[in-house]
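Working notes for the structure below.
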Amino acid sequence: MAVKEEGDTSQQGKKSRSRLILRLGALLVAHSGLVSVVCCAAGIIAFILLPVLANNTYISENALMPGSADPAFSSQEVLDANRLTMDILNRGAAKASGIEIAKLLREYIVAVGAESYYHKFVPRANKFHPLHFFSSTTDNLDLPANPSCGSFILNAVGIIRAPRGDGKETIVLVTPYNSQNTTYSDAVSLGIGFSIISLLSHVTWLAKDIVWLAADSRYGEYMTVDSWLKDYHGPAFPGETSRIVDDACFEENNSDSLDHIKVEGHNSYVYKRAGTMAAALVLKVVDKKEKEERDSLSIYAEASNGQMPNLDLINIAHYLAVHRQGLRVKIGSIIYFLKASWVKLLGEMLQHITTLAKLLNPKWKLDITSADYVEGTATLASSIYYQALGVPTGSHGAFRNYQVDAVTLEFSPRSSLNNENVRSAFLLKTGRLIEGVIRSVNNLLEKFHQSFFLYFLTAPHKYVSVGIYMIPFGILIAPLPIVAAALFSSNNGSSNKDGSWKWLQAAKVVFLIHLWAMITSLLPYVLLQLPLVTPSSFTSAWAAVAICFLLITYLILWSSSIDCGWELLKSVMIVAAAIGLSLMSVINFSTAQIGAMLIVPMCLLVKPARKQTQGVFAKALMLTSNLALLVVAFPPAALLIAKTLFGASGNIDIGDFWEWAQILWSWNSATYMYLLWIHLPCWVLCLNIFLYPCIGSSSKA
Amino acid sequence: MATRDPSMICCFRLLFLLLFSVPLIASSSSWASMHHNNWAVLVCTSRYWSDSESGYPGFKFSFCNKLPRYHIEINSCNSKLEVERFNYRHMANTLSLYRTVKRLGIPDERIILMLADDMACNMRNNYPAQVFNNENHQLNLYGDNVEVDYRGYEVTVENFMRVLTGRHDPAVPRSKRLLSDEGSHILLYMTGHGGDEFLKFQDSEELQSHDLADAVKQMKEKNRFKELLIMVDTCQAATLFNQVLSSLISDDPICSLHYALLPHDCAATSVLDFGSSMSQYLAYGYAFLPAFKHILILQSPGVLAIGSSMKGENSYSHHLDSDIGVSVVDRFTYYTLAFFEKLNMYSNASLSSLFNSYNPRTLMSTAYYRMDLYQRPLPEVPVTSFFGSVMKTIHTDAAYMGLSIPPKTEAQFLPGDGGNHQLRIENEPDLEKDGNKQTKELHCIYHEWLNLLQERFENTDAELLFRYGFGTMVFLLTISTWLLA
């Protein structure tokens, strides 16, 4: 002891320096209850305030110069578009074979002097591959044993080479259409695509090549675009089996149309490439029956796992649409929030508060009207939701896999397109907008890099950047380590020296539960091999096997007589949850944010139901809040609640869960992994603590 | 046929002049600062169709680490205004000015044109191989007879400094050199993206105001110009001249004295109004009369500078060409050109009328000119003394007179000597007729030979000489053929 004291006195200088932070840490740990309440509240309030904190977008990349050049898209191009539209409707309707429209498009493309070829492939379903998350090579590996030969897809592709360009870069234009059931709007979108190509084939300012992919979306546009991109980026070797299957299929089943292809020459199937892709636009037309005041443009940007294209791409589309073509720009919003009265009330409150804040400091640009807030919240909710889901909102998502910035531009006319005047005006606006966007991107010297990649949109012209939205999340998960430390230290302090290694027992429990969750996440791969048919049977089988495994895990735990106090278990669980959430926030922030809103209060509040507390009221409150949180945080329950809240009516089937999970893994969504590897074990552990036979450390203490 | 053939005499004279002129160089005592030629150095420093960098200049200008004390001061003026980033207009600016000075009489061989990028052949240019500075597309600046001396990546700070100071690699052709002399008026026009005391070259380096000042000082020391007009069209252009004055005068003992006494004053006061602060010096009790005299004799450096904008101001583009999709000309250059469009090479518009034609409201910036290094009153200086060329042909008896620079000590006799020299040069054709040979005899004994020969020919019949010569030739021919046979 004497030696120790000497050491203390000699290192007093050093200690006094480190003492402050230690003291602060100790203070936080000591008041962990207050800290967690304050942090949780602040995090949630800051999250609610996000629409207020949104900034106006601006075009960050100077080289883009949207709208500085007059569009050359004229009535001549509108005539071209009309011609092709009519041709498609006449010919496509006459012969309902999938190849007819592609041939027609190729004829047109060749006529304007552009290069053209057919891209063909056999669609394959995305299968669950537990070991192939985040890798795009899954499809090539699982070749169907007996590919149905009739179902190949043929896309027409046109390439305009920049007359004085170096051919190193490309802008891609995609127009999906359904070859089996070609609608009028499909034909119009093809018409627009072609008119753009016919315009760009004779302009002098192209610095990047233009590729137009008319994607046959019979089996889903994403798959078509994705397979085209795969072929674009991956060199095709003649020895590859899949390609031989493709060819064999093609030769067999289309002998009737083969003569036509022979005339065109085999060259028409040679895959041609242009440079690396600078940006891609997916162009769609939706013909609405109801009348609107103006033509409108909807922008979809979310790709898989919450990846977004560079904000500049959205900015130029928005700028040109609003300031040049007078279109109304829409971005997806969740209708529930638009109608919910509590949001409106919140908005009004915020309006008052921000006006007050403005009185305090006129420099604060916080003023927001109630209506703005409601709309911002609805748009933000949709933005977060689609990012959190991790499923792309359109075929632009396929481009993001190759780090190409892409958006879907969905145009809808103000009234029916059958009206000649409406159609002409609509075509002119649409064509000019796309020309403008292409010309802007054409000006680029570098990849999009100036503006944000991590953002939420609260309006077409408002964004919340990563620097702002990380703050609520940070505040929200800040109490987790503090509470963990508090629980750990209180437990350690109360027990004797052997107790210092007691946490390993708790860690073992937590580890086993996580192991169980991991096995559960891999179960679908096994289940898919079983002869099950309906989704509900899949769901029940999954649940049954998972529960069996869980019981086995607990049997193991009991048999090895691992018993640690619930406080230690909670502490380790909280640490695991904090690590999981932090990791997830890097992979897909939105998922982590939504998950944190559910998990963090649950983790902080959970206490054994049988634990004695002083007041009856407090106990009841604790019990109900624990129960409520446990119910809400259970993923299937959360899904059900969300479904009923957001107005998806209809009977609720347990098969939905299977389908939902299937969507997640087939899109390689990290949300699936989050739910089963982080969220589910955390929930199980919380349930474990809630049902803890409370004779543990707390009663000892 | 007894008359003298004047053409023959002329021939002889020319021959002899050629023979004897080489030694003459060494003996020529005149390094007169008479204005007898014009040069123009036109520099466009910015590259790329449209500049893609933005408000993080610190990253771009990593080069400035070499000069740490200016690192902090560098800020991009352009971060405020995105519209000001497009570089087509810089090339159009430079080419417009090139066209103007050519039209006003500076020949191509005396224009050093530096273009950092080839906008005309940029694939984004809607009009291939053409450059316009106006939306109406009336005037193709990139038509015939555009001689670009430095292009693309040749436009570097190093090459620019080499052109100004004349320190070239021996392999650099004469067409790429600024072969000016002490009688030259030089127009130095620069445009590009600039900031506080720097001008960006390409995307990688920059010319600092120190570099420019250093170059000007070297040029002055090497007598590479008589008068120099620096015209800069960038953001914060005026800051680029900040160091020019101090560099030109700081080597002088008097000015260093001046600087020591009135440090804040030195940058602002010119050498000429030095006298006004004389009494102040006398009050300090410094005896510096000889040095003062020296300064007066040195005269002003003859540097005139005009920039499109003051510190903290942007230089704005004039208008956007909606066909090409970029802005095509800067405001300052546009109004400069508008001024010159009214002139031809014989007009007498003065520099002050040019400088007064800049309206801060239309320019959206304050055109700033400093003439503290320049002693001639601006209303008396015609613009053509910089933007045009000297019209009169000057007959000199010495080629490469510019290389004969006397030691600096002779500068004291400069004013009187210069006057004599001018007189002599202009009167030279009549010297022979008037028999006024003293000046010639003063200069060279070789002319005695000429006179001797001439006198002898005066007495001989030219016809006779011709006959003798012809006869000899025939004789020689017959002998040689006979020998060969």
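The values are calculated or read from the model by the stated rules, or taken from the named source; none is laboratory data. None of these values were measured; they are calculated from a predicted model. Using ideal geometry, Cβ is built from the backbone for each residue, glycine included, and neighbour counts are taken over all protein chains shown.
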Seminar exercise, completed: Taking the stretch A:281-309 and the residues there that are part of a strand (DSSP E or B) and not hydrophobic (A, V, I, L, M, F, W, C), the one that is nearest to the chain's Cα centre (by Cα) would be A:300
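Rundown of residues vs (1) aliphatic (A, V, I, L, M); (2) more than 14 Å from chain B (Cβ to nearest Cβ); (3) free of Cβ contacts under 8 Å to residues at least 60 places away in the same chain, yes/no style:
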position: A:53; (1), (2), (3): yes, yes, no
position: A:58; (1), (2), (3): no, no, no
position: A:65; (1), (2), (3): yes, no, no
position: A:70; (1), (2), (3): no, no, yes
position: A:101; (1), (2), (3): yes, yes, no
Exercise. Mind checking whether some residue in the stretch B:180-190 is outside any loop (DSSP other than H, G, I, E, B), farther than 21 Å from residue B:308 by Cβ and more than 12 Å from the chain's Cα centre (by Cα)?
Worked result: no
For this session: Could you pull out the residue among A:321, A:278 that is farther than 24 Å from residue A:376 by Cα and either under 29 Å from the mean Cα position of the chain (by Cα) or surrounded by fewer than 23 Cβ atoms within 10 Å (Cβ to Cβ) (or both)?
Result: A:278
Exercise. Among (1) in contact with a Lys or Arg (Cβ under 9 Å, 6 or more places away or on another chain); (2) in a helix (DSSP H, G or I); (3) surrounded by fewer than 24 Cβ atoms within 10 Å (Cβ to Cβ), where does residue A:468 come up short?
Worked result: (1)
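What helices (runs of 4 or more DSSP H), lying completely within the stretch A:333-446, carry at least 2 residues that are in contact with an Asp or Glu (Cβ under 8 Å, 6 or more places away or on another chain), closer than 30 Å to residue A:661 by Cβ and more than 14 Å from chain B (Cβ to nearest Cβ)?
A:370-389, A:396-400
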Exercise. Residues of the stretch A:207-233 being more than 14 Å from chain B (Cβ to nearest Cβ) and farther than 19 Å from residue A:177 by Cβ, which ones?
Worked result: A:230, A:231, A:232, A:233
Problem set entry | Qualifying residue in the stretch B:329-341 (condition: under 29 Å from residue B:110 (Cα atoms) and modelled with pLDDT under 85) | no
Exercise. Is it the case that the stretch A:632-652 has a residue that's crowded, with 21+ Cβ neighbours inside 10 Å, modelled with pLDDT of 85 or more and not small (Gly, Ala, Ser)?
Worked result: no
For this session: Kindly list the number of the only condition in (1) in contact with a Lys or Arg (Cβ under 8 Å, 6 or more places away or on another chain); (2) of a type in the set (S, T, N, Q); (3) assigned to a helix (DSSP H, G or I) that fails for residue A:195.
Result: (1)
For this session: Return the total of residues in the stretch B:318-334 being within 22 Å of residue B:239 (Cα to Cα) and either in a loop (DSSP other than H, G, I, E, B) or within 11 Å of chain A (Cβ to nearest Cβ) (or both).
Result: 0
Exercise. If a residue has to be in a helix (DSSP H, G or I) and either touching a Pro at 6+ places or on another chain (Cβ under 8 Å) or surrounded by fewer than 15 Cβ atoms within 10 Å (Cβ to Cβ) (or both) to count, how many in the stretch B:363-384 make the cut?
Worked result: 2
Problem set entry | Where residue A:66 falls short, out of the listed (1) over 36 Å from the mean Cα position of the chain (by Cα); (2) modelled with pLDDT under 90; (3) surrounded by 10 or more Cβ atoms within 10 Å (Cβ to Cβ) | (1)
Exercise. Is it true that some residue in the stretch A:501-514 is within 28 Å of the chain's Cα centre (by Cα) and either within 14 Å of another protein chain (Cβ to nearest Cβ) or under 27 Å from residue A:55 (Cα atoms) (or both)?
Worked result: no
Exercise. How many residues are more than 13 Å from chain A (Cβ to nearest Cβ) and without any contact (Cβ under 8 Å) to a residue 40 or more places away in the chain if we restrict to the stretch B:115-138?
Worked result: 2
Exercise. Which residue, of A:609, A:541, is among the small types (Gly, Ala, Ser) and without any contact (Cβ under 8 Å) to a residue 40 or more places away in the chain?
Worked result: A:541
Exercise. Do the conditions hold for residue A:519, that is, is it surrounded by fewer than 22 Cβ atoms within 10 Å (Cβ to Cβ), in a helix (DSSP H, G or I), at pLDDT 90 or above and away from chain B (no Cβ under 14 Å)?
Worked result: yes
For this session: Return the pairs, sorted by first residue and then second, in which the second residue is modelled with pLDDT under 85 and among the acidic types (Asp, Glu), the first residue lies in the stretch B:208-227 and is under 12 Å from residue B:303 (Cβ atoms) and in a helix (DSSP H, G or I), the beta carbons are less than 9 Å apart, and the residues are 6+ apart or on different chains.
Result: B:217/B:251
Exercise. With respect to the numbered conditions (1) of a type outside the set (Phe, Trp, Tyr); (2) closer than 26 Å to residue A:607 by Cα; (3) surrounded by 17 or more Cβ atoms within 10 Å (Cβ to Cβ), which one is the sole condition not fulfilled by residue A:547?
Worked result: (3)
Exercise. Within the stretch B:338-350, can one find any residue that is within 14 Å of chain A (Cβ to nearest Cβ), crowded, with 20+ Cβ neighbours inside 10 Å and not hydroxyl-bearing (Ser, Thr, Tyr)?
Worked result: no
For this session: Any chance you could count how many residues in the stretch A:180-216 are surrounded by fewer than 23 Cβ atoms within 10 Å (Cβ to Cβ) and touching a strand residue (DSSP E or B) at 6+ places or on another chain (Cβ under 6 Å)?
Result: 2
Exercise. Given the residues B:129, B:116, which is the only one that is of a type outside the set (D, E, K, R), under 21 Å from the mean Cα position of the chain (by Cα) and modelled with pLDDT under 90?
Worked result: B:116
